[in-house]
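Structure first, then comments.
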Amino acid sequence: MTLLAVNGLQKSFGGVVAARDVEFTVGRGEMLAVIGPNGAGKSTVFNMVGGQLRPDRGRVLLDGHDITHASPQKRFRRGVGRTFQVAQTFLSMSAAENVQMALISCRRQSGGLWSPARERHREKAVQLLARVGMAEAADIPCSALAYGDVKRVELAIALAGEPKLLLMDEPTAGMAPRERTELMDLTASIADAQGIGVLFTEHDMDVVFGHAARVLVLLRGRIIAAGTPDEIRRNEEVKRAYLGDEHALEAPKGTRPA
Ligand SMILES: Nc1ncnc2c1ncn2[C@@H]1O[C@H](COP(=O)(O)OP(=O)(O)OP(=O)(O)O)[C@@H](O)[C@H]1O
């Protein structure tokens, strides 16, 4: 069943058409990757779904509600979540405290003095950490966690908002290959179990072909292909778009090519 429907989105910056008549849907529990060479329009499309950019034309519907002109905060309340990097300033806080802060802000409560807030939502925060396999690290400062574990905490923070749709911009950037697979396997299993649609941009083709149910390929603001990873890998126009990077579309190691 369709969760997100994007119809005819268009955005120009001066003379540059960054997105042209972009149409796609994301279903509940579905992982959709948006790929394309540098400057193809991925961030532009992503930010029009997230509400950071207003389209010149077109519509964004979530669960049938038109959110095209809604602010990021309003979208958030409708169920559009986004993973953010744990900022440098929050690294000194424990994993649980980071998730508690997210829970407090999601429920629009003032953090007030830190000491009473410390116990607030503790139980729920630990539950969310358990969901990403990080319950035992609840009291460890994020600064002491491995990078891949901080990414899991970021996922728990995003889940605190109980999103219907999760936007992930380059979720595995800077991670080792094995950590990438683990994070995306985890994301896929949570998305499937909770019926969360996931829209992600990604440069790493192993991650894209190994984890997306469907892939959308942009080139100069246009969708040139949409389909399953196997369909996309075989698509001649996509191959041409990635010309010069002849290994980009190879099957991930350990999987059978189509
Ligand atoms: N704020 C802006 N002002 C002017 N031009 C912009 C702006 N944002 C994007 N563009 C232009 O729009 C086009 C699409 O950019 P966008 O960042 O969406 O591509 P991308 O696929 O995300 O690229 P990358 O993979 O390099 O991040 C590019 O030509 C870019 O220069």
Revision key, fill the gap. Under the 7 Å Cα-to-Cβ spin-label approximation, Gln52 and Ile224 lie apart by a distance in nanometres of 2.5 nm
Practice item. Please report Glu237, Glu30, Glu231, Glu97 as a ranked list, fewest other C-beta atoms within 10 angstrom at the top and most at the bottom. Key: Glu237, Glu231, Glu97, Glu30
Check your understanding: Asp56's amide H: which non-local residues (gap 5+, or another chain) put their own amide H closer than 5 Å, with H modeled 1.01 Å from N in plane and none for Pro or chain starts?
Key -> Gln10, Lys11, Ser12
Revision key, fill the gap. Expressed to one decimal in nm², the mean projection of the alpha carbon convex hull of the chain is 14.4 nm²
Check your understanding: Computed FRET efficiency, Cβ-Cβ of Ala130 and Cys106, R0 25 Å: what is it to the nearest 0.05?
Key -> 0.85
Point to revise | Sum of side-chain charges, Gly51 neighbourhood, beta-carbon under 9 Å (Lys, Arg +1; Asp, Glu -1) | key: +3
Revision key, fill the gap. Calc'd 3J(HN,Hα), the stretch 219-228, phi into Karplus 6.51 cos²θ - 1.76 cosθ + 1.60 (θ = phi - 60°), Hz, glycine/Pro = x, comes to 8, 6, x, 10, 7, 9, 7, 8, x, 6
Check your understanding: Arg222's amide H: which non-local residues (gap 5+, or another chain) put their own amide H closer than 5 Å, with H modeled 1.01 Å from N in plane and none for Pro or chain starts?
Key -> Arg20
Study note, to complete from the structure: Karplus ³J(HN,Hα) for the stretch 31-40 (6.51 cos²θ - 1.76 cosθ + 1.60, θ = phi - 60°; Hz, whole; x = Gly/Pro) runs 9, 10, 9, 10, 10, x, x, 3, x, 6
Point to revise | Check: the chain dipole with +1 on Lys, Arg Cβ and -1 on Asp, Glu Cβ, in debye | key: 880 debye
Revision key, fill the gap. Going residue by residue through the stretch 200-216, the Karplus relation 6.51 cos²θ - 1.76 cosθ + 1.60 with θ = phi - 60° gives ³J(HN,Hα) values, rounded to whole Hz and with x marking Gly or Pro, of 9, 9, 6, 8, 7, 5, 4, 5, 4, 6, x, 10, 7, 6, 9, 10, 10
Exercise for review: Give me Phe24, Phe200 ranked fewest to most by other Cβ atoms within 10 Å of their Cβ, as a rough exposure proxy.
Suggested key: Phe24, Phe200
Review point. Measuring from label point to label point, each 7 Å out along Cα→Cβ, what is the Asp139 to Asp66 span in nm?
Key: 5.3 nm
Revision key, fill the gap. Exposure-ranked with fewest Cβ neighbours within 10 Å first, Leu103, Leu128 stand as Leu103, Leu128
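Any read-out appearing in this document is the output of simple, stated calculations on the displayed coordinates, not a laboratory observation. Given the structure is predicted, the values throughout are model-derived calculations rather than measurements. In this analysis, Cβ positions are derived from the backbone assuming ideal geometry, glycine residues included, and neighbour counts consider all displayed protein chains.
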